Structure formats: structure tokens, C-alpha cells
1. Among (1) in contact (Cβ under 8 Å) with a residue 40 or more places away in the chain; (2) under 15 Å from S257 (Cβ atoms); (3) not β-branched (V, I, T), which single condition is R206 missing?
2. Somewhere in segment 88-103, is a residue more than 29 Å from M70 (Cβ to Cβ) and either in a loop (DSSP other than H, G, I, E, B) or open to solvent by 10 Å² or more (accessible area, probe 1.4 Å) (or both)?
3. Looking at A82, is it within 21 Å of the chain's Cα centre (by Cα) and either acidic (D, E) or closer than 27 Å to M271 by Cβ (or both)?
4. Determine the pairs where a residue that is over 22 Å from V243 (Cα atoms), located within segment 219-231, has a partner that is open to solvent by 20 Å² or more (accessible area, probe 1.4 Å) and of a type outside the set (A, V, I, L, M) with Cβ atoms under 7 Å apart, the partner being 6 or more residues away or on another chain.
5. Looking only at segment 166-187, which residues are open to solvent by 100 Å² or more (accessible area, probe 1.4 Å) and hydrophobic (A, V, I, L, M, F, W, C)?
6. What are the pairs, 6+ residues apart or on separate chains, where a residue within segment 67-95 that is within 15 Å of Y14 (Cα to Cα) has its Cβ under 8 Å from a residue that is surrounded by fewer than 17 Cβ atoms within 10 Å (Cβ to Cβ) and of a type in the set (D, E, K, R)?
7. Give me a count of the residues in segment 29-42 that are in a helix (DSSP H, G or I) and either modelled with pLDDT under 95 or open to solvent by 30 Å² or more (accessible area, probe 1.4 Å) (or both).
8. Looking at G45, is it crowded, with 19+ Cβ neighbours inside 10 Å and either touching a Lys or Arg at 6+ places or on another chain (Cβ under 7 Å) or not hydroxyl-bearing (S, T, Y) (or both)?
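The values are calculated or read from the model by the stated rules, or taken from the named source; none is laboratory data. Source: prediction; values computed, not measured. Reconstructed Cβ throughout: ideal geometry from the backbone, glycine too, with neighbour counts over all protein chains shown. Areas reflect the complete protein model, heavy atoms only, side chains present, ligands, DNA and RNA absent. Shrake-Rupley method; radii C 1.70, N 1.55, O 1.52, S 1.80 Å.
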Amino acid sequence: MGQRAFPLPWAAGYGLARTLLALGTLGTLAFSDAATLFREVATVGRYPLCQGVNAGGAFCLVSSQHYDTMRWICCLVLVVAASGWRPRLTAIPHAYVAFSVFTGISISDGGDQITWILTLLIAMVAIGDKRRWHWQPSQPLEEPASRQRNLSALLGTSAIIMARVQMALLYFQSCVAKLPHAEWADGTALYYWINNYAFGAPYWLRPALDIIVDSPVGVAVITWGPLVLEIALAAALLMPQRVRWMLLPAGILFHLSIAVVMGLWSFAIAMWAGLLLLLSPLGHDPDFKALLRRTRRHSVAEQPEADAQSKERVPA
């Protein structure tokens, strides 16, 4: 009976997703002090709650006087994870920090939850990754490969597939959950969101956005457009790879616009990581060195032209 080969999961593409997830959590911890992250919530109590499973979080291991110290320790773990060094050693600490943030801070958002789920799934990939850096290209499986190595490859591939299914379901639920609401059905929902005092657009951006949302066609386009994109992303796994590549910049721009308008940067970074897992081929190895060489050649080619133009401007 023939054996069917599948791409190995240990590639630079999943490494980029790891880095994005670590940077998103790092931004939350580095730019928010303990007084902001841990406070009392009405009818719930003071965070971290440290009850049940949540008691295992990093911030439940220290007293409130040492929250900032633990916060910076977590930041150090995230910096190392984001660098890509020794993924099999940093995967579990990275997942633990993501869990501690999601369960520990008083006002966690969807981005923290997505980060925790994806980081846990990616940890299943990384524990079998023997590379020194997750930026290195994937190496072919040795022949004959050991049983343990085959199982690690199968576990990692299964985890990435689960992450892709998770992202597809997330976009499907996000789209379908909006449909019963009249504001989304009639195309006016973004008018209310943009003008919301708590989550709306910043004041410097409102003049430009008001031109769009004050127009019936404009507000309908920016309200229904996300629904179309979300259902397309939900169905991405059923589409050819060339279509998925086209959806990737659209999804990145979509979440960038949410970050700019609503300030949800950690959420956007987590979703970018999820988009990479959802839309990139299994075992994708982007050639970062070739991209850097191309950028360098482009800069060198532009330099003589700039020098020539500057000489033309100098009077004889």
C-alpha cells in the first residue's frame, strides 16, 4: 500500500505567525502598567481572579506588589519567542504567557483569546521543530525517519490544520452573527460604530470617514464589504491557493483598518497571524533572504538616479 507524503509543518511561514502572536501580546504588556491591566470589575472582583484553572496563570504566582516585575519577565519571554530562537524550547513558555494574559488581565479582548488558542496550537508544532531559528527553511524528513519524528510531523500538521479550521469557523461565526441585526442588514451599522464615543474613530480621522458614512452608498459599502470578506475567508479552505493569496492582502488591510479606526492593535496582529495560517500553503517557506536582496537591489538602482538628479539641480 503506497504512502502519501505531506509538507512538513516546520517552515518559516508558521514562524512568522509565531512572531506576530508574540508581538501582539508583547505590545499589551509593554505599553500597559499593572494598574491598567489588573483592576476591579464590578460584580466580578479584582483581577487576576485566581480561581480554578486561572489560578495557574503567571500573575497568580506573585503578590500584587510584584505584578510589574512579572509583567517584564513575561515581556522577556515574548521577545525571545518573537525572535524565533529555538522554537521547541520557547513554545511552551510563550503559550503559558498567552494563557496568563488572557485569564489574568481585567479587560481581555477577542485578540487575547485568539492569541491563546493559536499559540497553544502552534506550540504543538514547535515542540517538534529542531531548527535553531524558526526563520530557517524547512528541512526534509530524514529517510528512514524515526517513529517519534513521524509522529511529531503528524502532530504539527494536525495542529496547523486545526488552527486553519478554527480561523475559518471564526470568520463564519463573525459574519453570520451580524446578519440578524437590522443595522447590518440595512447597511448602516458602521455609521453607528464610527460615531461611537467609546469605540469609534479618533477625532483626526472622523472628517474623512464622515464623508463616507454620511453617504448612503458609502456607508452601505463599508458595512456590507466586511461581511462579504468574512464569508469569503470562512470558505477559503475550499478555494484554490491562488485565490487564497488574493484574500491575504484584503484580510490584512481589513484588520489594519479596524486597528486604525478602533485602536484594537493587539486584535489586528493576532488576526494577521491567523490569516497567515489560514491562507498560506501548509509548510510554506517565504524566501526572506530573496526579498531582502530584491529590496537592496531596488535601493541601489535608485541611488544613481537620485545622485544624477541632485547634480542637475546644482548650478554650474
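1. The failed condition is (1).
2. Just the residues of segment 88-103 that are more than 29 Å from M70 (Cβ to Cβ), to begin with: none.
Scanning segment 88-103 turns up no residue that is more than 29 Å from M70 (Cβ to Cβ) and either in a loop (DSSP other than H, G, I, E, B) or open to solvent by 10 Å² or more (accessible area, probe 1.4 Å) (or both).
3. On the way: within 21 Å of the chain's Cα centre (by Cα): yes; either acidic (D, E) or closer than 27 Å to M271 by Cβ (or both): yes.
Here the answer is yes, as A82 does meet what is asked.
4. V219/T188; V219/Y191; T223/W184; T223/T188
5. L169, F172 - these are the residues of segment 166-187 that are open to solvent by 100 Å² or more (accessible area, probe 1.4 Å) and hydrophobic (A, V, I, L, M, F, W, C).
6. Short answer, once both residue conditions are applied: W85/R132; R86/R132; R88/K130.
7. To start, the set of residues in segment 29-42 that are in a helix (DSSP H, G or I) comprises 29-30, 34-37.
Restricting the remaining residues to those that are either modelled with pLDDT under 95 or open to solvent by 30 Å² or more (accessible area, probe 1.4 Å) (or both) gives 30, 34-37.
Summing the residues that are in a helix (DSSP H, G or I) and either modelled with pLDDT under 95 or open to solvent by 30 Å² or more (accessible area, probe 1.4 Å) (or both) in segment 29-42 gives 5.
8. Working: crowded, with 19+ Cβ neighbours inside 10 Å: no; either touching a Lys or Arg at 6+ places or on another chain (Cβ under 7 Å) or not hydroxyl-bearing (S, T, Y) (or both): yes.
Considered against the rule, which asks whether it is crowded, with 19+ Cβ neighbours inside 10 Å and either touching a Lys or Arg at 6+ places or on another chain (Cβ under 7 Å) or not hydroxyl-bearing (S, T, Y) (or both), G45 comes out as no.
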